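Colleague: Dropping a structure here in structure tokens format, bear with me for questions.
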Amino acid sequence: MKTLLKPIVAILSVAVLAQAPSPSTTPGRWSEQQANDWYQAQPWLVGANYVPASAINELEMWQAATFDPRRIDIELGWAASVGMNTMRVFLHDLLWQQDADGFKKRLLEFLAIADKHGIKTMFVLFDSVWDPHPQPGRQRPPKPGVHNSGWLQSPGAKALQDPKEASRLESYVKGVVGFLAKDARVLAWDVWNEPDNMNGSSYRAQEPANKVELVLKLLPQTFAWARSVQPQQPLTSGVWQGDWSTEEKMSETARQQIALSDVVSFHNYDKADELERRLQWLTRYRRPLLCTEYMARGNGSTFEGSLPILKKGNVAAYNWGLVVGKTQTHLPWDSWKRPYTDREPPVWFHEVFKADGSPYRPEEVVLIRKLTARGAK
């Protein structure tokens, strides 16, 4: 039977394949067969990490006062026009605490819009990146010249350090996943984004010293909460840093992420040769591979370098950013040290489209359309 691994496995030696880990005993985790059968039923998945241009972060995207379905409809139309068929979208635990019923209505409205454009959604439940002090309500304006200056962690540092918050976080996970567990418009659940990210270039001084330990304790619980409501969609959490070539070289966080995931996801903002090397490492798991973050032009990760490799390997591809907006992720990471207030970056870091829907680089859109054949498998 044809599987997603054929394009890459063909270049691996028998010796490398022999290093594959033994079957997982994680309760409720999909078998390799289940995972690969699910992936075979999908088209080649190509999309972006999505937040509308009108939102600075997850709360502004989803809260009632700033939810912007008109803008979402327009922007997802642009995505569909180049053959994108999936989006990775971040949620936040405070949305459930603040207004669970309203949040559920907005989730359904978003899914209806995405489905109209032939787009399936991967939702991200928790995120350890950027500001560790989220607050509901009106969000601050962007810091001039700074990349992702208003993005929020979920849960925040306070909730992460308070054992009493676990029941609230459990309610959020079970509530959201349970609500959409049988919804075919939901592609997958990304349980935790970059769980061991200490935000060294931005918020490191504000992070709990034992953050990684706290998250490692909560990560398997979160997977268990999500599985307890029996979603028909797979669960994952993407590895993103370090050496994945052997189990011994991987961090404890990365080992847990892989062991708990139904499908294997990862991030790569490197040049094409490094992307190929990391894909070879991950094929030993014999599960579908989803690259849930890539494309940082200034770092050498480009559509022309990465997307053909991902297509050849039948690896799902989610670049960071769709439309330039309040997140300002067209600016480089180094803007945290030297804001781009007096100059333009030599090249946009992320994003595909300008605010009016015209492509930042027309040749990139031509390539995406060519490789997706406008959504064909």
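The values are calculated or read from the model by the stated rules, or taken from the named source; none is laboratory data. Bear in mind the structure is a predicted one, so any value in this text is a computation, not a measurement. FYI the Cβ positions are ideal-geometry reconstructions off the backbone, even for glycines, and counts take in every protein chain you see.
Colleague: Pull up segment 304-346, narrow it to residues that are of a type in the set (Gly, Ala, Ser) and in a loop (DSSP other than H, G, I, E, B), then point me to the one that is surrounded by the fewest Cβ atoms within 10 Å (Cβ to Cβ).
Modeller: Step one: of segment 304-346, the residues of a type in the set (Gly, Ala, Ser) are 305-306, 313, 316-317, 321, 325, 335.
Now restrict to residues that are in a loop (DSSP other than H, G, I, E, B): 313, 321, 325.
Working: GLY313: 24, GLY321: 24, GLY325: 21.
So the residue we want is GLY325.
Colleague: Sticking with this one: Only one of these is more than 30 Å from LEU218 (Cβ to Cβ), β-branched (Val, Ile, Thr) and in contact with a helix residue (DSSP H, G or I) (Cβ under 7 Å, 6 or more places away or on another chain): VAL324, VAL347, VAL315. Name it. If you could, list the steps in order and put the result at the bottom.
Modeller: Numbers: VAL324 fails: in contact with a helix residue (DSSP H, G or I) (Cβ under 7 Å, 6 or more places away or on another chain); VAL315 fails: more than 30 Å from LEU218 (Cβ to Cβ).
Just a single option satisfies the conditions, and that option is VAL347.
Colleague: For VAL124, state whether it is of a type outside the set (Asp, Glu), in a strand (DSSP E or B) and more than 18 Å from ALA53 (Cα to Cα).
Modeller: Working: of a type outside the set (Asp, Glu): yes; in a strand (DSSP E or B): yes; more than 18 Å from ALA53 (Cα to Cα): yes.
The answer is yes for VAL124.
Colleague: Any residue at all in segment 248-258 that's polar (S, T, N, Q), touching a residue at least 60 places away in the same chain (Cβ under 8 Å) and touching a helix residue (DSSP H, G or I) at 6+ places or on another chain (Cβ under 6 Å)?
Modeller: In the first step, residues of segment 248-258 are kept if they are polar (S, T, N, Q); the result is 251, 253, 256-257.
Filter once more, keeping what is touching a residue at least 60 places away in the same chain (Cβ under 8 Å): 257.
Then keep just the ones that are touching a helix residue (DSSP H, G or I) at 6+ places or on another chain (Cβ under 6 Å); that gives none.
No.
Colleague: From the list TRP225, TRP189, which residue is closer than 14 Å to MET122 by Cβ and either at pLDDT 95 or above or not in a helix (DSSP H, G or I) (or both)? Steps first, please.
Modeller: Details: TRP225 fails: closer than 14 Å to MET122 by Cβ.
On inspection, the qualifying residue turns out to be TRP189.
Colleague: Related question: So which of LYS158, LYS116, LYS182 is over 21 Å from the mean Cα position of the chain (by Cα) and under 27 Å from TRP38 (Cβ atoms)?
Modeller: Numbers: LYS158 fails: under 27 Å from TRP38 (Cβ atoms); LYS182 fails: over 21 Å from the mean Cα position of the chain (by Cα).
None of the others qualify; the one that does is LYS116.
Colleague: Taking only segment 149-171 into account, find how many residues are closer than 30 Å to ARG343 by Cβ and either touching a Pro at 6+ places or on another chain (Cβ under 9 Å) or modelled with pLDDT under 95 (or both). Reasoning before the result, please.
Modeller: Going residue by residue through segment 149-171, those that are closer than 30 Å to ARG343 by Cβ are 149-153.
Checking which are either touching a Pro at 6+ places or on another chain (Cβ under 9 Å) or modelled with pLDDT under 95 (or both) leaves us with 149-150, 152-153.
Counting residues in segment 149-171 that are closer than 30 Å to ARG343 by Cβ and either touching a Pro at 6+ places or on another chain (Cβ under 9 Å) or modelled with pLDDT under 95 (or both) gives 4.
Colleague: Something else about it: I'd like the full set of residues that are at positive phi and crowded, with 21+ Cβ neighbours inside 10 Å, limited to segment 258-303. Spell out how you get there, then give the answer.
Modeller: Within segment 258-303, the first condition is being at positive phi, and the residues that meet it are 286, 295, 300.
Passing the criteria: only MET295.
Colleague: Before we move on, is ILE74 surrounded by fewer than 18 Cβ atoms within 10 Å (Cβ to Cβ), aliphatic (A, V, I, L, M) and within 28 Å of HIS267 (Cα to Cα)? Don't jump to the end; show me each part of the working.
Modeller: Working: surrounded by fewer than 18 Cβ atoms within 10 Å (Cβ to Cβ): yes; aliphatic (A, V, I, L, M): yes; within 28 Å of HIS267 (Cα to Cα): yes.
It is true that ILE74 is surrounded by fewer than 18 Cβ atoms within 10 Å (Cβ to Cβ), aliphatic (A, V, I, L, M) and within 28 Å of HIS267 (Cα to Cα).
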